[in-house]
Amino acid sequence: MPSIGLAIGVQAPDFQLPDHRGGKVRLQDLREQRAVLLVFFPFAFTEVCSSEFRALQSKVKAFEHRGVTVLGISCDSPYALAEFATREQLTLDLLSDFWPHGAVCREYGVLLDDKGFAMRGSFLVNRKGNIVWSLLNGPADERDPREYENAIARLG
């Protein structure tokens, strides 16, 4: 059975993905300035994803104040993510791993190949590019935003 998720301490694979606003986001460009919280999720508009991102949105300003950028990543198209961001009033960047389908999700060990979507994987990447914290949940298991707060507090 393949391993799930990347180990703490490994270098986070760099990537460039389209965002829901029509731009491109590259991990290395962000992490040179700030730590980055990667939040992989199965699909926009599902009940659990909507609930998670509402809770996460309420914390984004505090995380930014602590020097952390939050990125949501799914296999949805950028157009679906744009509508999701509008409906949920999200200000954080949502990135599309639509094509090649799930390539970044696969690199991070969170793609469920048989289903074609990501499990709920979260990774905190420090400015050196190392994964310093991770959390893996199944597709139906909502993450507790306090876990993010605790991980970010340990950044220093």
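The values are calculated or read from the model by the stated rules, or taken from the named source; none is laboratory data. From a predicted model like this one, the values you see are computed outputs, not experimental measurements. Glycine also receives a Cβ, built like all others from the backbone with ideal geometry; neighbour counts cover every protein chain displayed. Surface areas here come from the heavy atoms of the whole protein model, side chains and all, with no ligands, DNA or RNA. Shrake-Rupley method; radii C 1.70, N 1.55, O 1.52, S 1.80 Å.
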(message) Treating only the Cβ of Lys, Arg, Asp and Glu as charged (+1, +1, -1, -1), what charge dipole size does segment 28-77 show about its Cα centre? Round to the nearest 20 debye.
(response) 260
(message) Please compute the Kirkwood hydrodynamic radius over the chain, one decimal place, Å, based on all pairs of different Cα atoms.
(response) 15.2
(message) Suppose we keep just the alpha-carbon trace of segment 1-91; what are its Rg and Dmax in angstrom?
(response) 13.7, 40
(request) Using a 1.4 Å probe over the heavy atoms of the protein chains, calculate the carbon and sulfur portion of the accessible area of the chain as a whole percent. (result) 51
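When the helices in the chain are scored as -39500 (n - 2.57) per DSSP H run of 4 or longer and the sum is shared across all residues, what 222 nm value do you end up with, to the nearest 500 deg cm²/dmol? It would help to have the intermediate numbers written out before the result.
Values: 6 runs with 47 residues, N = 156.
Computed mean residue ellipticity for the chain: -8000 deg cm²/dmol.
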(message) For a Förster distance of 30 Å, can you work out the FRET efficiency between the beta-carbons of R87 and Q11, rounded to the nearest 0.05?
(response) 0.25
